[in-house]
Every structure is written in C-alpha cells, then in structure tokens.
Protein chains: 2
Amino acid sequence: MMTDELQFKIACAEDLPEIVRLLIQDQLGSTREVLTDPLPQVYLEAFEAMESQPGNDYIVGAINDRIVCCYQFTVIHGISRSGSSRAQIEGVRVDSSMRGQNIGKRLMADAIERAQANRCQLLQLTTDKSRPDAHRFYEGAGLTASHIGYKVDIT
Amino acid sequence: MMTDELQFKIACAEDLPEIVRLLIQDQLGSTREVLTDPLPQVYLEAFEAMESQPGNDYIVGAINDRIVCCYQFTVIHGISRSGSSRAQIEGVRVDSSMRGQNIGKRLMADAIERAQANRCQLLQLTTDKSRPDAHRFYEGAGLTASHIGYKVDIT
C-alpha cells in the first residue's frame, strides 16, 4: 500500500464506521467507543449535529478508498488576538497497522493547509498527558506545548 | 456595586468595545488587542463570523448594565466519546477593578450551566502555562489539568 496515494477529504456519514474503528483502536478510546454493526444511533446523531455547524468536520485520509487515518477539524471564529480564527483538531488517529509510514506527518500537513485555507491564524489541539508518543509527535511537527488543558465531566 | 446583581447574557455587537476593553487589560492580551474608538473593523468582522456559527458566542456578565467579565463559549459537536458534545471556553476575563468578589466563580458556574443546557458531556479550556493564578482558579473550580495544550502560529 503506497502512502503517496494518501488522499484527505471531509468525511460523509458512510465513513462513520471506519472513523469509529480508528477511534476504538486507541487505548483511551477503547473504553469510550462502541463499534457494532449497524453503528449505535448516537454516532449518526452526532454526525448530523456536526453537519449543522459550519466549519466543524471530520477529515479522513484514505489510500485507494481504504481509510487509514482521521481527525476532527473545527474552525472557531473569535474576538481575541485581534479577531483571530483558530483551527482546532481533535481525535487524531492513524490505523495501528499503518504506523511508521509518516501518515501522521501528512495528516498534520493537511490540517495546517486546511487551517490556512480557512484563514485561521492559529492551529491548536490538546492531548492527554498520558500520551508521550503524541507529545513527541506534535513537538516534532513544530507545535509548542505552551498551554495546560483543563477538562471537567459535566454529565 | 453588588455582585449578586451579576447577570450573564450572550453578547451583541454593541458589547464589543467592552469585550475588547477586558481583553486588553490582560498581560498577554495587551500586546494582541487594539482598542480605538471606533473599534478596528477586524473585531466587527470577527463578531459577524462568530454569529455565522451556531453554538459559538461571546458571553458577558454585567452588573446594572456595566460589563465586568466575559468569556467565549463554543459548543463543539463530535464523534469521539460515543458522540459527545464539548463546551469549550476561551478568553475568560474579569475586570481588573472587580477582582476578589467571586465573579470568576460565578462566570464558571454560568459556563457549566450553559454547557449542560446545550447537552455537553464535557467542558474544556486551555490556559497559558505562564498564568499560575488561572491554574489555581480552574483547579479550585473542580477542573482537572489532564491535558497538554499545543499551539502553532500559521500566519
């Protein structure tokens, strides 16, 4: 499988099972996702909710129509930093059988291009402190670990 | 000025000068914002861009119509965590002349209520590593510093 044939596109609802397959491969994701056939209705509802928000998309990377990576790409317009727009990425995943082939690097390049095309001044993401491989990857990709990410479960 | 009269609402374009006034009071914000009368056009354009995104609002807190705090509140629908929606807050500011009156605490309570009303499962934010006061505040408010926040300037 030649990674130079890797193509990125905005996901459609039909790509959801593959996205969930990638999310569930992940150590943290394995406890958070449910992959059944058909897919639980919550994922379809979530995808529809995303479609109602301009600038909030899942992006999939495919080689010959086989999805090998994905990430969520969100444009957030804002007032601070003289009215800057930010691109935020979330849920970055590369198929575990496809590691070591620079797919993550290509994914980041796609995200930065997409952010620039959307006139964002900043690209941002957070990653769990328990993911040292991810930290090395993002630092290698030129991002700066300038912030602390806080979360609270409010269910 | 009685802080029990503090009321939160979604900001309108007329509130923009007060929002920029709060943003520019901040140490980091002072180098990033421009407060003139009339306000630079970029802020009005940014506000319009925010209005085009459902779920992306600036919130202001006012006491007797005087704006004393603000934050950006963004609902981000997503696929991961079984189709969870997140509330993200950004640009949290309390008027420097109004510190020590629990306004920040009331602001966080408003954000959490707003997140729950929007059926979000998670509230998240990042804060610059150089803001120790903010870290204490968010930890006191029950948030967990579970993540590292990466950013890259892509202008």
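The values are calculated or read from the model by the stated rules, or taken from the named source; none is laboratory data. It should be emphasised that the depicted structure is a prediction, and the values quoted were computed from it without experimental measurement. Neighbour counts run over all protein chains shown; Cβ positions are idealised from the backbone, glycine included. These area figures cover heavy atoms from the full protein model, side chains too; ligands, DNA and RNA do not enter into them. Shrake-Rupley method; radii C 1.70, N 1.55, O 1.52, S 1.80 Å.
What translational D, rounded to a whole number of µm²/s, comes out for the range A:39-155 from Stokes-Einstein when the hydrodynamic radius is the Kirkwood one over Cα pairs, at 25 °C and 0.890 mPa s? Each step should come with its number before you reach the end.
Numbers: Rh = 15.8 Å.
Estimated diffusion coefficient is 155 µm²/s.
In square angstrom and rounded to 100, what buried accessible area do you get between chains B and A, total over both, with the probe at 1.4 Å?
Working: alone 10140 and 10160 Å², together 14510 Å².
For chain B against chain A, roughly 5800 Å² becomes buried.
Of the candidates A:Ala141, A:Ala117, A:Ala11, which one comes out as most mobile in a Gaussian network treatment of chain A with C-alpha springs shorter than 10 Å?
A:Ala117
I need the P(r) histogram for the protein assembly as shown: all alpha carbon pairs, bin width 10 Å from 0 out to the longest distance, whole percents.
Spelled out per bin, shortest first, that is 6, 26, 36, 21, 9, 2, 0.
Counting Lys and Arg as +1 and Asp and Glu as -1, each charge on the Cβ, what is the dipole of chain B about the Cα centre in debye, to the nearest 20? Working shown, then result.
Working: 16 positive and 21 negative charges, 153 e Å.
Roughly 740 debye for chain B.
Enumerate the amide H contacts of B:Ser146 below 5 Å, restricted to partners 5 or more residues apart or on another chain; note that Pro and chain-start residues carry no placed amide H.
A:Lys151
Other chains near B:121-127: what is the mean number of their Cβ atoms within 10 Å of each residue's Cβ?
Working: counts 3, 5, 5, 6, 7, 10, 5.
The mean count of partner-chain Cβ atoms within 10 Å per residue comes to 6.
For the protein assembly as shown, give the magnitude of the charge dipole about the Cα centre (Cβ charges: +1 Lys/Arg, -1 Asp/Glu; no others), in debye to the nearest 20. Mind dumping the intermediate values first?
Working: 32 positive and 42 negative charges, 200 e Å.
In total the dipole reaches around 960 debye.
Can you give the Rg to Rh ratio for the range B:10-106, taking only C-alpha atoms and Rh from Kirkwood?
Values: Rg = 14.6 Å, Rh = 14.5 Å.
That ratio equals 1.00.
About its Cα centre, what dipole magnitude does the range A:83-152 give when the only charges are +1 on Lys and Arg Cβ and -1 on Asp and Glu Cβ, stated in debye to the nearest 20?
On the way: 11 positive and 7 negative charges, 11 e Å.
The calculation lands at about 60 debye.
Any idea what the relative contact order of chain A is, in percent, if you count C-alpha pairs under 8 Å spaced at least 6 apart? Walk me through the numbers on the way to the answer.
Values: 190 pairs, mean separation 28.9, N = 155.
Computed value for chain A: 19 percent relative contact order.
Between the range A:1-37 and the range B:55-113, what is the C-alpha centre distance in whole Å?
For the range A:1-37 versus the range B:55-113, the Cα centre distance is 32 Å.
Is it possible to state the helix-based mean residue ellipticity at 222 nm for the protein assembly as shown, with each DSSP H run of 4+ residues giving -39500 (n - 2.57), the sum divided by total residues, to the nearest 500 deg cm²/dmol? What is it? Don't jump to the answer; show the numbers that get you there.
Values: 10 runs with 98 residues, N = 310.
Result for the protein assembly as shown: -9000 deg cm²/dmol, rounded to the nearest 500.
Would you calculate the separation in nanometres between label points at A:Ala117 and B:Ser82, each defined as 7 Å from the Cα along the Cα-to-beta-carbon direction?
Spacing of the two 7 Å Cα→Cβ label points: 3.5 nm.
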